[in-house]
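*Asks:* Please read through the structure below; I'll follow up with questions.
The values are calculated or read from the model by the stated rules, or taken from the named source; none is laboratory data. Here the structure is a predicted model, which means the values were calculated and not measured. Ideal geometry is used to build each Cβ from the backbone, glycine not excepted, and the neighbour counts take in all protein chains shown. For accessibility, only protein heavy atoms count, side chains too; no ligands or nucleic acids. Shrake-Rupley method; radii C 1.70, N 1.55, O 1.52, S 1.80 Å.
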Amino acid sequence: MLNRLDTPFNRRGFLKKSSLATLTTLLGSEIVFAESLPANYLPILVDVDPMATKNKGLVVLNDKPWNVETPAHLLDDAITPADKLFIRNNGLIPASVDPNTWTLTINGESVKKARTYTLADLKKKFKSYTYQLTLECAGNGRAGYFPKTSGNQWTDGGVGCAEWTGVRLKDILADVGLTNDAVYIGYYGKDLHLSQDPEKPVISRGVPMRKALEDETLLAWAMNGKDIPLVHGAPLRLVVGGWPASASGKWLHTIAVRNKVHDGAKMTGKSYRVPINPVEPGQDPPEDQFRIIESMPVKSLITFPQTGAQLEKGKSLALRGHAWAGDRSVKELFVSIDFGATWQKADLKPAKNRLAWQHWSTNVSFPRPGYYEVWARATDDAGVSQPMVMPQWNPEGYCNNACHRIAVRIA
Ligand SMILES: Nc1nc2c(c(=O)[nH]1)N[C@H]1C(S)=C(S)[C@@H](COP(=O)(O)O)O[C@H]1N2
Ligand SMILES: [Mo]
């Protein structure tokens with residue numbers, strides 16, 4: 001692999017002027033549609049970490065705490081299996097969880113009287129529901145921002161869409177009884193702070209009442225029809241589809257119903273917040289100029305083929321993937337093989353239920369041998385599309401929903 005300093009790229013990793021010939025040599029094939037290559041655009045085969053392409057399994061971004069992402073081609077399943085769901089922990093997994101003694105307490109300023117339920121109570125007394133729900137870490141895509149922002153350098157794989165079974169939070173809150181000043185809910189989980197100080201909270205986030213009371217907001221004990229794996233929050237987890245996955249509290253033992261915006265760990269400061277007004281890349285405005293991220297933006301993945309695919313001349317390529325848009329649905333998905341100069345509409349299926357990702361597929365033909373990139377671009381039902389290269393830069397590196405792209409070589 002080339003050292004960045006020796007490449008025909010400038011400090012930002014963008015192509016220096018008139019180095020197309022060098023680049024073609026590096027890629028080992030002609031860049032078909034090179035005339036459409038955006039100025040200073042860096043083709044992906046020279047952009048990626050060489051380890052990432054060789055790695056066949058999930059990629060560990062950090063092992064204390066565990067942060068593991070799933071390469072796009074491993075997210076090909078319609079419903080993400082447990083062993084392919086990304087892992088994002090802020091602290092240490094609780095040492096032991098016992099479903100037989102596990103309880104959930106609902107308290108806070110805006111409950112009439114605090115109540116505690118056993119897991120068995122929840123299962124017995126309330127109707128259970130199953131929904132497929134998209135969970136995407138707000139930091140997914142962070143690695144694509146320049147200037148670089150601190151935090152786990154997620155590429156594309158901090159997202160998944162498993163099926164969750166549990167009770168509706170709204171049914172439990174109705175059973176408890178709320179006062180009319182309820183504004184927000186906040187969760188508390190049993191994980192341990194990295195310092196191992198049991199007094200220190202790891203993360204305690206939440207959502208406003210309108211989201212908390214949606215049908216699909218679940219207190220779940222099962223994932224894909226089985227007990228939730230420990231790493232994903234057993235034995236009870238809050239699941240809030242379409243919003244930053246940090247709202248989906250794992251190892252859940254308490255939900256507080258607050259009479260103000262929840263102020264737990266990682267709810268305040270700049271955590272999971274973006275500037276209210278667009279900022280120049282590299283600028284970091286004061287805290288009061290940030291807003292909490294709510295619905296995640298429209299986004300899509302190409303899950304087949306894997307980037308780097310080789311294809312014989314004259315054969316068409318079947319492509320497929322998923323698209324999602326936070327609280328919205330995805331209306332259209334287009335693919336381009338010429339760096340966004342022209343777009344071809346893909347077949348897009350409706351979601352299994354609200355807040356689940358949608359599957360898309362299409363066939364593309366390549367005019368002649370050479371190096372191509374396939375880009376996918378989704379548009380949501382409000383007409384908002386994914387940006388082709390990079391969305392609004394923000395200091396914490398959240399919500400990068402730029403088009404996913406794969407490299408394809410035609411022999
Ligand atoms: N208790 C607890 N809940 C948590 C977290 C955590 O560290 N502790 N991480 C949050 C974040 S930032 C994300 S992205 C998701 C990740 O869920 P997963 O590991 O099941 O994919 O869990 C959320 N819930
Ligand atoms: Mo996250």
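*Asks:* Please determine, by comparing only the residues of region 248-259 that are over 15 Å from GLY166 (Cβ atoms) and open to solvent by less than 10 Å² (accessible area, probe 1.4 Å), which one is nearest to ligand 2 (Cβ to nearest atom).
*Replies:* For region 248-259, the residue satisfying everything is ALA256.
*Asks:* Now for a separate question. Out of LYS123, LYS148, report the one residue that is open to solvent by 40 Å² or more (accessible area, probe 1.4 Å), under 25 Å from ILE302 (Cβ atoms) and not in a strand (DSSP E or B).
*Replies:* When all the criteria are applied, what remains is LYS148.
*Asks:* Among the strands (runs of 3 or more DSSP E) contained in region 252-313, which hold 3 or more residues that are at pLDDT 95 or above?
*Replies:* 252-258, 273-275, 290-292, 299-304
*Asks:* Out of the residues in region 89-110 that are touching a helix residue (DSSP H, G or I) at 6+ places or on another chain (Cβ under 9 Å) and open to solvent by 60 Å² or more (accessible area, probe 1.4 Å), state the one that is farthest from ligand 1 (Cβ to nearest atom).
*Replies:* Looking at the filtered set, the residue picked out is ASN100.
This table checks each residue for (1) modelled with pLDDT under 95; (2) crowded, with 20+ Cβ neighbours inside 10 Å; (3) within 30 Å of THR130 (Cβ to Cβ).
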position: GLU332; (1), (2), (3): no, no, yes
position: ILE337; (1), (2), (3): no, yes, no
position: TRP343; (1), (2), (3): no, no, no
position: VAL374; (1), (2), (3): no, yes, no
position: ARG377; (1), (2), (3): no, yes, no
position: ALA382; (1), (2), (3): no, no, yes
position: MET388; (1), (2), (3): yes, no, no
position: PRO395; (1), (2), (3): no, yes, no
position: CYS403; (1), (2), (3): no, yes, no
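*Asks:* Consider region 317-362. How many of its residues are closer than 22 Å to THR165 by Cβ and free of Cβ contacts under 8 Å to residues at least 12 places away in the same chain?
*Replies:* Residues in region 317-362 being closer than 22 Å to THR165 by Cβ and free of Cβ contacts under 8 Å to residues at least 12 places away in the same chain: 0 in total.
For (1) modelled with pLDDT of 95 or more; (2) over 30 Å from ILE203 (Cβ atoms); (3) assigned to a loop (DSSP other than H, G, I, E, B); (4) not hydrophobic (A, V, I, L, M, F, W, C), each residue gets a yes or a no:
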residue	(1), (2), (3), (4)
LYS17	no, yes, yes, yes
SER29	no, yes, yes, yes
LYS56	no, yes, yes, yes
THR101	yes, no, yes, yes
ILE106	yes, no, no, no
GLU109	yes, no, yes, yes
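*Asks:* Being more than 16 Å from ligand 1 (Cβ to nearest atom), assigned to a loop (DSSP other than H, G, I, E, B), out of contact with any Ser or Thr (no Cβ under 9 Å at 6 or more places or on another chain) and open to solvent by 20 Å² or more (accessible area, probe 1.4 Å) is the requirement here; does LYS113 meet it?
*Replies:* Spelling it out, LYS113 is indeed more than 16 Å from ligand 1 (Cβ to nearest atom), assigned to a loop (DSSP other than H, G, I, E, B), out of contact with any Ser or Thr (no Cβ under 9 Å at 6 or more places or on another chain) and open to solvent by 20 Å² or more (accessible area, probe 1.4 Å).
*Asks:* PRO81 is checked against (1) away from ligand 1 (no atom under 14 Å from the Cβ); (2) at pLDDT 95 or above; (3) farther than 30 Å from ASN259 by Cβ; (4) open to solvent by less than 40 Å² (accessible area, probe 1.4 Å) and fails just one. What number does that condition carry?
*Replies:* If we test PRO81 against (1) away from ligand 1 (no atom under 14 Å from the Cβ); (2) at pLDDT 95 or above; (3) farther than 30 Å from ASN259 by Cβ; (4) open to solvent by less than 40 Å² (accessible area, probe 1.4 Å), just (1) comes out false.
*Asks:* Here's a follow-up. Please go through region 210-227 and pick out each residue that is open to solvent by 10 Å² or more (accessible area, probe 1.4 Å) and either on the phi > 0 side of the Ramachandran plot or in a loop (DSSP other than H, G, I, E, B) (or both).
*Replies:* If the condition is that a residue be open to solvent by 10 Å² or more (accessible area, probe 1.4 Å) and either on the phi > 0 side of the Ramachandran plot or in a loop (DSSP other than H, G, I, E, B) (or both), then LEU213, GLU214, ASP215, GLU216, ASN224, GLY225 are the ones that fit.
*Asks:* Pairs, please: C-beta under 8 Å, at least 6 apart or cross-chain, first residue within 16 Å of ligand 2 (Cβ to nearest atom) and in region 194-214, second charged (D, E, K, R) and open to solvent by less than 40 Å² (accessible area, probe 1.4 Å)?
*Replies:* Close Cβ pairs (under 8 Å, with a partner that is charged (D, E, K, R) and open to solvent by less than 40 Å² (accessible area, probe 1.4 Å)) amount to VAL202/ASP191; ILE203/ASP191; GLY206/ARG258.
*Asks:* Can you spot a residue in region 239-250 that is of a type in the set (A, V, I, L, M, F, W, C), touching a residue at least 40 places away in the same chain (Cβ under 8 Å) and more than 13 Å from ligand 1 (Cβ to nearest atom)?
*Replies:* no
*Asks:* Among ALA265, ALA234, ALA222, which is the only one that is in contact (Cβ under 8 Å) with a residue 40 or more places away in the chain, within 12 Å of ligand 1 (Cβ to nearest atom) and either closer than 22 Å to THR134 by Cβ or charged (D, E, K, R) (or both)?
*Replies:* ALA234
*Asks:* Among the listed residues LEU173, LEU169, LEU135, identify the single one that is over 23 Å from the mean Cα position of the chain (by Cα) and among the hydrophobic types (A, V, I, L, M, F, W, C).
*Replies:* LEU173
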